[in-house]
Amino acid sequence: MKREYPNHDHNTHFNTATSSSLSAAGPDLSGKSKMWNEIDEPDAGVDELLAVLGYKVKSSDMIDVAQKIEHLEGVLGNDDELSQIASYSVHYNPSDLSSWLGSMICELNPIVQQPIVADSFATGVDDLQAIAGNAIYPPPAKKPKPTSPPEAASSSYNPNPIVLVDSQENGVRLVHTLMACAEAIQNDDLKLAGTLVKQAGILAASQAGAMRKVAAYFAEALARRIYRLYPKSEQDSPAFQDLLEMHFYETCPYLKFAHFTANQAILEAFAGKKKVHVIDFSMKQGMQWPALMQALALRPGGPPSFRLTGIGPPSGDNKDHLQEVGWKLAQVADSIRVKFQYRGFIAESLADLEPAMIDLREDEVVAVNTVFELHPLLARPGEIDKVLTVVKGMKPEILTVVEQEANHNGPVFMERFTESLHYYSTLFDSLESSGNGVSPVEGGDVVLTDQDKVMSEVYLGKQICNVVACEGPDRVERHETLTQWKTRFESAGFEAVHLGSNAYKQASMLLAVFAGGDGYRVEENDGCLTLGWHTRPLIATSAWKLK
C-alpha cells in the first residue's frame, strides 16, 4: 500500500552565506527534548533485582552474600541444627541481607570453616556434566552417609566448603555458559540447552553493569528460541520502534554520527546545484534533515530549492506520522528561508517502490539516503537486488548508506551467536559509559535521563532477540560488514565515493562534543567512515554513485 501527501511549498529568499560545511550550521546535535518525566535514581551501588524484592545489597557485597547463603544451606540441611531456629525470639531486618545471613550462621554454627578458593562451581545438576571443557565443573561424587547415631549428628556436622568466585571469573563462566547453550541449540539438544539457559540467568544476576544487562537479553533470546516463544506485542508498532530509536539517538552518538556523515556527503554532492531532491528510505521522525537544511541555507549564493521525499511503513495507529513530520520540517524550512517541498509515501517494504512513483524531475539533482534500512531486505530473497535496481532507475548523484558493522547474517547459528554476543557486549559497554556523561548544550549541561538509557537498552535488546531467537523471514536484523556491502553494491553497478578528510575531521569533532568522546573512535576505511568503541567498529557510513 502506498499513499502520498500534499506538497508543502515555501518560497522565500536568503542571500547571506558563509560556509558549505555542516559544522557551520545545524541544531545542537547533543541537545534534547524531555519526553519522559525523570524518575528517582536508586541507591548508588545497590543491586537492582534484589532491591525490587526488598533487599538492599550492594553489587560489591554479592560474593559475600553468596558465600553466606551456601553456608546457611548446609547448616539448615541438618534437622538437629534446624530445631535451634524455633527457640529464638529475635528477628532480623532482611533488608540488610548480608548482616542477617551472617547473624544466622554465627548462631547456628559458631565455628566457620576456613574458606576454600575453587576454580569452578560445584553444581548438582547432572545435565551439566555433558558440557565439554571448563564451561561448567562436573558435580562432585556423593559421599556415603555417616553411620553415627542421630544424637551425634550435631557435633560431627562438617559444613560444605565455601566456594569463592570473583566477579571476573563469574563473567568468564557466564560467557562460557551462554556459548555452551548456543552450541546445544545448534546440536538440537534442547534439554541440555534449557538447563544451561537457566544457569546463565543465575550467573547473569551475579554480574553488574553492562555485562549483566547484555547477558540477560541473550539469555532471554536463547530461552525464546528453545521454547519457541514469539509473543506479538502491540508495542512492536513502527511508532514504538521510532520512540525507542529517538531515545537511542539521545543516549549515544551512533545515530548522530550516521546523520552527520551522510549529510556531509549529500551537501558536497549538491554543491552549486539550484534544485535538489533527497529521497529518504528511512524517514521516521525526520531528525536528519533540519541540519542539512540549515547548511544549505548558509551556502554561498543562497540556498537551492529543496525537495524531500520521505518513505516509511504504516504506523499501525491510524495516524499519518509522515505528514506530521513533513509539517514540522516545513516550519523549519520557512524559518530559515529555504524553498521546500515535501512528499510522503507509506510502503510496507522498500521492495514495493518503483521509480515512477517518486515524481523525478530532470532539472533536479537527486540523492538517495538510507540509514539501517537495507539489511532487513536480506530476509527475503531477491528484495535487495530489486531495491538497488530501483535506486539505479532514480539516477542519483549520490547514494548514502549507513549500516551496522557486523556479520549477523551467516548460515551457521553458532557463528552468528558468537559474533552478535561480542558486538552487542561492546555496544552495551559504550552505552553504559554514555549514560554516565552529559550532553553539553548552549547555556548549560543536559544530563542524560534514566529513561533514555533504559529505552536504549530495550532498543538493542529487541535486536538481540531477533538475531538469536528468530529464523526465516522473521529474522530481519541481518547485519553485514562493510566489505560485504561493497561487494553487493559493486555487483549492482555502483562505485564508491570517497567521503574525504573533511568529513573525518568534523565527525571527530562531533564526538569530542558528545560526553568528552572518551572511548569512541572514528576510522577511515577505504573512503568510508566507521564509528566504534575502543578498537571495535560498530557502524559504517559509505557513499556510492553509478558507474
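The values are calculated or read from the model by the stated rules, or taken from the named source; none is laboratory data. Fair warning: this is a prediction, and the values are worked out from it, not measured in the lab. Glycine gets a Cβ as well: all are built from the backbone with ideal geometry, and neighbour counts include every protein chain shown. SASA here: full protein model, heavy atoms, side chains in, ligands and nucleic acids out. Shrake-Rupley method; radii C 1.70, N 1.55, O 1.52, S 1.80 Å.
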Any idea how many residues of the range 451-476 are among the acidic types (Asp, Glu) and buried (at least 20 other Cβ atoms within 10 Å of the Cβ)? 2
Has the range 351-364 got any residue that is open to solvent by 40 Å² or more (accessible area, probe 1.4 Å), under 28 Å from the mean Cα position of the chain (by Cα) and farther than 18 Å from residue 258 by Cα? no
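Each row is one residue, and each column tells you yes or no for (1) more than 22 Å from residue 307 (Cα to Cα); (2) at pLDDT 95 or above; (3) not aromatic (Phe, Trp, Tyr).
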| residue | (1), (2), (3) |
| --- | --- |
| 347 | no, no, yes |
| 353 | no, no, yes |
| 387 | no, yes, yes |
| 403 | yes, yes, yes |
| 415 | yes, yes, yes |
If you scan the range 254-264, which residues turn out to be surrounded by 24 or more Cβ atoms within 10 Å (Cβ to Cβ) and within 14 Å of residue 509 (Cβ to Cβ)? 257, 260, 261, 264
Residues of the range 225-252 that turn out to be surrounded by fewer than 22 Cβ atoms within 10 Å (Cβ to Cβ), among the charged types (D, E, K, R) and either in contact with a Leu (Cβ under 7 Å, 6 or more places away or on another chain) or under 27 Å from residue 282 (Cβ atoms) (or both), as a count: 5
The one condition residue 282 fails out of (1) in contact with a helix residue (DSSP H, G or I) (Cβ under 7 Å, 6 or more places away or on another chain); (2) in the same structural domain as residue 542 (by the TED database) is (1)
Is there a residue in the range 270-289 that is part of a helix (DSSP H, G or I), modelled with pLDDT of 95 or more and under 27 Å from the mean Cα position of the chain (by Cα)? yes
Please state which one of 212, 225 is basic (Lys, Arg) and touching a Cys at 6+ places or on another chain (Cβ under 9 Å). 225
Which condition number does residue 179 fail, the rest of (1) assigned to a loop (DSSP other than H, G, I, E, B); (2) open to solvent by 30 Å² or more (accessible area, probe 1.4 Å) being met? (1)
Sole exception among (1) within 30 Å of residue 523 (Cα to Cα); (2) in contact with a Leu (Cβ under 7 Å, 6 or more places away or on another chain) for residue 277, by number: (2)
So which residues in the range 311-340 are assigned to a loop (DSSP other than H, G, I, E, B) and charged (D, E, K, R)? 317, 319, 320, 337, 339
So if I check each of 222, 267, which one is under 30 Å from residue 359 (Cβ atoms), open to solvent by less than 40 Å² (accessible area, probe 1.4 Å), among the aliphatic types (A, V, I, L, M) and touching a residue at least 24 places away in the same chain (Cβ under 8 Å)? 267
Scan the range 418-440 and give yes if some residue there is over 19 Å from the mean Cα position of the chain (by Cα), touching a residue at least 60 places away in the same chain (Cβ under 8 Å) and more than 29 Å from residue 453 (Cβ to Cβ), otherwise no. no
Please enumerate the residues belonging to the range 376-413 that are touching a Phe, Trp or Tyr at 6+ places or on another chain (Cβ under 9 Å), open to solvent by less than 10 Å² (accessible area, probe 1.4 Å) and part of a helix (DSSP H, G or I). 387, 388, 391
Can you find a residue in the range 279-296 that is touching a residue at least 40 places away in the same chain (Cβ under 8 Å), charged (D, E, K, R), open to solvent by 20 Å² or more (accessible area, probe 1.4 Å) and closer than 23 Å to residue 346 by Cβ? yes
Filtered residues of the range 290-321 (kept if within 28 Å of the chain's Cα centre (by Cα) and either within 16 Å of residue 263 (Cβ to Cβ) or not assigned by the TED database to the domain that holds residue 387 (or both)): 290, 291, 292, 310
Go through the range 186-208 and count every residue that is open to solvent by 30 Å² or more (accessible area, probe 1.4 Å) and of a type in the set (Gly, Ala, Ser). 4
Within the range 421-431, can one find any residue that is at pLDDT below 95, surrounded by fewer than 20 Cβ atoms within 10 Å (Cβ to Cβ) and either in contact with a strand residue (DSSP E or B) (Cβ under 6 Å, 6 or more places away or on another chain) or not assigned by the TED database to the domain that holds residue 299 (or both)? yes
